[in-house]
Amino acid sequence: MEFITDYVMFWQDEYQSIMTYTSEHLLISFVVIVLSILVTVPLAVYMTKMKNDKIKSLIFNIANIFQTIPTIALLAIMIPLLGIGFAPAVTALFLYALLPLLRNTYTGIKSIDPSIVEAAKGMGFTTMGRLFKIELPAALPYVMSGIRVTTVYIISWTTLAALIGAGGLGDLILAGIGYNDQYMIFTGTLLAIVIALLLDLAFGKLEKKYTNA
Amino acid sequence: MDFITGLTQYMIENRSELLALTIEHIVMVAYGMALALLVGIPLGIIAARYQKLAPIIISATNILQLIPSLAMLAILTLYMGLGFQTMVIGLFFYSLMPIVRNTYVGIKEVDDSVIEAGRGSGMTPLQLLGKIQFPLSIPFLMAGLRVASVIAVAVACLGPYIGAEALGKEIISGISLQSDVKIYAGAIPATLLALIADFMLGKLETRSKQRMA
Amino acid sequence: MKRFINSSVFALLIILLAACGTSASSEGGEVFEYGAQKNTDPKIMGQILKLLVEDQTDHEVNITEDMPASPQVMGGIDRGDFDFATLYSGEVYNNHFDEDQVEYSTDPEATLEQAQELFGERYDMKWYDSIGFINQYSIAVKEDFAADNNITTMTDLGEYANNMILGTDNSWIERDNDGYEGYQEAYGYSFEEARGMDVALMYEGIANDELDVVTAYTVDPQIIEYDLKILEDDQKFFPPYEASLVARNEVIDEYPEVADILDSLVGSISTEEMTQMMHEVDINKRDAAEVAKEFATEKGWIE
C-alpha cells in the first residue's frame, strides 16, 4: 500500500516535468515520422517508375545500412556533424525510419494488378491522375502498416535521444538511473510503452478502415 | 582525410582488442538469440495451437520489445547484477517478439488443404506439427530471426552500461572521452556485424523459401 | 529442429559456466573488481589502484568502465560484483536515504561523515577519507562572457539567466536538494531552458556556442581547455563532492596488504593533479593506464 501512496505522491510532485518530457518525446517522434513520410513516399513512387534496377537496389541498400547502424552509434556519429539536441536526434531517427516506409510504399504500389493500371491508361488517365486516383489509394494499406511499425519503433528509440540533449522520456529514465530513483525509471518506461501501444492501436484501426474501403 | 588515417591507424594498433570485442559481441548476440529460439518457437507454436492464448502471448512479447533499452538494462541489473548474463537476457527479451510472431504467422499460413491432406493420411497432431506445419513455417522464422539479429546487435552496443564489454565499449567510452575515432572504431565493426547477419540470414531465408517451393 | 535445441542447450550451459567464473590471478592471488562510472576521474583512480595492487601484491585488479552513474556502481558493490570504487561524499544526499536519516549540509566534513556512516553500513563497505580532489557541481560560463559582463558569482548571473540555455547531465534537473529546483530557490532565478545530456557533450555544446552555461564538474579539464569560468557559489548552495575510495569490508578484512594500499591513497591526489591527469586523457586522448603509470612513477609510488 505504501508503495502506491508513494507513487501517487511522486506523480503529484513530478506531474509537470513528466508532462514536459512526454510532450518533448511526442514532438521528436512526430517530426521524425512526418519528415520520413514526406521523403519516402514520393521517393518510393518515383522508384516504381524507375527503369534502372541498379539505382533502385542501391537506394534500398543504403536505407538498409542506415537501419543496421546501432542506435547509440548513429546518435554518437551525429554529434560531430550536427552538434547536440533536437536536430541530430531527429536526423538519426529519421534515417532509421526510412527503410520500412520505403519498402512498404514500394511494395504497395508494385502489388497493384498491372491490368488495372492498363485499364486506367485506356480510360485516358494521365500519369499523375493514375498515381493519385488509383495507385496511391491502392497502396495505402501498405503505407499505413509501414507507418504503424515505424511509429512504434521510433517511440521506443526516441528514449536514447536524451543522451544527446534532445530531451524526451529518456531524460526521465536517465535521471532515475543517475539519481537512484526507481519511480522515474519506471514512469519513463511505462509512458513510452503506453504511448507506443496507443499509437499502434490507433494506426491499426486506421489501417483496417482503409483496407476495407 | 586526417580523420580517416587516424581512424585506420587506431584500428590497426588496437586490432586484437577490437577483434576480441567483436567476438564477445557475436557471442553475446548468439546466446541471446539461441535462448530466444529455444523459448520463442514453442511459444509461437502454442499461440498457433491455442487461439485463445495467441493475443496474450503476442502482446506480452510485443510489450517486452517496446521497453526502452536503457530502462530494460537498468531494471534487469536490479535483479540480475552486472555483466554478460544480464545482457544476454536483455537480448533474449528483445529477440523474442519477432521469433514468436513469425513462428505463429508461419504456422497459421500453412494452407488448410495441406493440413487436411496430412490428417487424411493418418498423421497425429504432433506429427502434423513436426512434419508439415513447422517445416513449412521456417522461411517465416528465418525472416523473424533476421529482424531480431539486427536489433540484438544494436542493443548489445549498450553493454558497457551494465558492465558487459563488447563493441559498445569503444562507442560509449568514445562518447565520454569525446573521441570520434573511438566512436567510429566501435560503430563500424558493429554496423558490419549487423549487415553481415542481415545478409546471411536473408540468404538463408531465400534458400529455405526455395526449398519449400 | 534438433540442432536448434542442441545449440540452445549448449548456449545455456556456457552461460551457466560463465556465471561461475574463475577469479585467480596469474600469480596465485585474487582478482579484484573495480567499478568505474562514465567520468574520467574514477577510471584514472581505478588504474592507479590496479597499478599499486599489482605492483605490491600477488593480486590483480580488473576494471569495469562506463557504468552509467554511481547508483549502478553501488548496486554492483552490494551484489559483490565490485570490490572497489571511487565515490563522492555529496552522493549521500541523492535519494538513497530518508530525510530523517540524513541531514542536508554543504559542510565538507559533515557530508563526508554522513557518507562514511550511512553508505558504509548499508553496503557493508569502508568509505575512506578523501583522496584529496573534489568533483562537485558548479555553474560555469565562458570566460570572455563573464569578463565582458563582470560576472564572478552565481548571483551575478541572475541578470542574464533568462536568455541563457543551460546544459547539464540527465539527473541534475530532477535532483531534490542540490538540483535545479533547489538552485532556483536559492538564487531566485531560472534559465531560459535546461537541457539534460551526456556530460562530455555538455562541454562540446558550450564550446560550440550551442549552450550558454553548464553545470561543470570542478575537476574536469574541459573547464581550462574551453576557457570556462566557474562562478563562485556565493549562496553556498552546492554540496561538496569529495572523492573517496571505497572497498567492501570483506575484502579489506581478509587482505590487509590491499587495505594498506587503499589507506596510502588517502589525501594523495589534489584537484589540480587530477585535473592534469584528466587533461591528458580527455583532451590529449591518451590512455588512462599510461597516464596513471606516469603519475604514480612521478610520485615514487612505483619504480
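The values are calculated or read from the model by the stated rules, or taken from the named source; none is laboratory data. From a predicted model like this one, the values you see are computed outputs, not experimental measurements. So basically every Cβ, Gly included, is an ideal-geometry build from the backbone, and we count neighbours across all protein chains shown.
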* segment A:198-213, subset assigned to a helix (DSSP H, G or I), of a type in the set (A, V, I, L, M) and free of Cβ contacts under 8 Å to residues at least 24 places away in the same chain, residue farthest from the other protein chains (Cβ to nearest Cβ) -> A:Ala202
* **Any chance A:Phe3 is more than 22 Å from the chain's Cα centre (by Cα), exposed (fewer than 12 other Cβ atoms within 10 Å of the Cβ) and either over 22 Å from A:Ile164 (Cβ atoms) or among the small types (Gly, Ala, Ser) (or both)** => yes
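Please pick out the residue among C:Ile224, C:Ile252, C:Ile230 that is among the hydrophobic types (A, V, I, L, M, F, W, C) and over 30 Å from C:Thr155 (Cβ atoms).
Residue meeting the stated conditions: C:Ile252.
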* To do: Evaluate segment C:243-266: report whether one residue or more is closer than 30 Å to C:Asp148 by Cα and surrounded by 15 or more Cβ atoms within 10 Å (Cβ to Cβ).
  => no
* Asked: Within segment A:72-105, can you find the residues that are surrounded by 23 or more Cβ atoms within 10 Å (Cβ to Cβ) and polar (S, T, N, Q)?
  -> A:Asn104, A:Thr105
* **Residue ID - farthest from A:Ile185 (Cα to Cα), chosen from residues in segment C:168-185 that are more than 8 Å from every other protein chain (Cβ to nearest Cβ) and polar (S, T, N, Q)** => C:Gln184
* **Selection within segment A:59-113 - more than 14 Å from chain B (Cβ to nearest Cβ), closer than 30 Å to C:Gly167 by Cβ and touching a Pro at 6+ places or on another chain (Cβ under 9 Å)** => none
* Pull up segment A:121-172, narrow it to residues that are at positive phi and touching a residue at least 24 places away in the same chain (Cβ under 8 Å), then point me to the one that is nearest to the chain's Cα centre (by Cα). => A:Gly168
* Structure fact -> In the set B:Val105, B:Val150, B:Val181, the lone residue that is under 20 Å from B:Ala54 (Cβ atoms) and either within 12 Å of another protein chain (Cβ to nearest Cβ) or of a type in the set (Val, Ile, Thr) (or both) is B:Val105
* Which one is nearest to A:Leu174 (Cα to Cα) among residues in segment C:195-223 that are in a strand (DSSP E or B) and at the interface with chain A (Cβ under 10 Å from one of its Cβ atoms)? -> C:Gly196
* Identify all residues within segment B:25-44 that are away from chain C (no Cβ under 11 Å) and surrounded by fewer than 19 Cβ atoms within 10 Å (Cβ to Cβ); write none if there are none. => B:Ile26
* **Residue check for C:Gly120: surrounded by fewer than 20 Cβ atoms within 10 Å (Cβ to Cβ) and small (Gly, Ala, Ser)** => yes
* From B:Leu96, B:Leu78, B:Leu70, grab the single residue that is modelled with pLDDT under 90, crowded, with 18+ Cβ neighbours inside 10 Å and not in a loop (DSSP other than H, G, I, E, B). => B:Leu70
* Do any helices (runs of 4 or more DSSP H) entirely within segment A:1-103 hold 3 or more residues that are among the acidic types (Asp, Glu), and if so, which? -> A:2-49
* To do: Determine, yes or no, whether C:Asp156 is in a loop (DSSP other than H, G, I, E, B) and not small (Gly, Ala, Ser).
  => no
* **Matching entry among B:Ser173, B:Ser149 (being surrounded by fewer than 24 Cβ atoms within 10 Å (Cβ to Cβ) and either of a type outside the set (Phe, Trp, Tyr) or modelled with pLDDT under 90 (or both))** => B:Ser173
